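Note sheet for the following structure.
Quick note: the coordinates plus some simple rules give every number you see, no bench work behind them. Keep in mind it's a predicted model, so treat the numbers as computed, not measured. Note that each Cβ is placed from the backbone with ideal geometry, even for glycine, and that neighbours are counted across all protein chains shown.
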Amino acid sequence: MKLILTHEVSGLGAAGDVVDVRDGYGRNYLLPRKLATPWTKGAEKDIASIRKAREVREISTLEAAQSVKKQLEGMSVAVPAKAGSGGRLFGAVSSAQIADAVKAAGGPELDRRKIEIPGHIKTTGAYAASVRLHPEVSAKVAFEVVPA
């Protein structure tokens, strides 16, 4: 099945890429989550606008990505979350909460889709997540989940 990605999918491609995937993966995962649209000759024209929007959101140069990486790795970020006794959270910490906490701590604005969290975070404590800033640059963000 040939699809046009509308969002970045880890291990598959970035927005605007035309990919060939198995039918079940496309029909049951990518299309229902609106991560891709079916490829047609008419949809080929949309690829340019998708790529243009992606370029606006991305960090364009390697040097800029390196400077953002230095800034992120030197920060201490506190993510507030509702917690019960024993430090167990009501729910889990999401990538959007991490992006908001980085911005509140004086860091750059991050796209939540580029933040990769290792597993589900359901207790208070110190954690690390990786952020894909550029195809060649990835940064580690250390953060602490604190009870709100």
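Listed values, structure above:
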| item | result |
| --- | --- |
| Theoretical ellipticity at 222 nm over the chain - DSSP helices of four or more residues, -39500 (n - 2.57) apiece, nearest 500 | -7000 deg cm²/dmol |
| Nearest-20 debye value, the chain charge dipole, Cβ charges on Lys, Arg, Asp, Glu | 400 |
| For region 47-53, Karplus couplings with θ = phi - 60° (6.51, -1.76, 1.60), whole Hz, Gly/Pro x | 4, 4, 6, 5, 5, 5, 5 |
| Segment Met1-Glu144, extension gain: residue separation times 0.36 nm, minus the distance between their alpha carbons | 47.3 nm |
| Other-chain or far-sequence residues with amide H under 5 Å of Val137's (modelled H) | none |
| ³J(HN,Hα) computed for each position of region 125-135 - Karplus, 6.51 cos²θ - 1.76 cosθ + 1.60, integer Hz, glycine/proline x | x, 9, 9, 9, 10, 9, 10, 8, 8, 8, x |
| Theoretical gain in end-to-end length, Phe90 to Asp111 [0.36 nm per residue, Cα-Cα removed] | 5.1 nm |
| Under Karplus coefficients 6.51, -1.76 and 1.60, residue-wise ³J(HN,Hα) of region 61-67 in Hz, glycine/proline x | 10, 5, 5, 5, 5, 5, 5 |
| Stretch gain in nm, segment Lys82-Ser67, where the contour uses 0.36 nm per residue and the Cα spacing is subtracted | 2.1 nm |
| Radius 13 Å from Cβ of Asp46, net charge of other residues (Lys, Arg +1; Asp, Glu -1) | +3 |
| Most mobile listed residue (Gly106, Gly84, Gly119) in the chain, GNM with C-alpha springs under 10 Å | Gly119 |
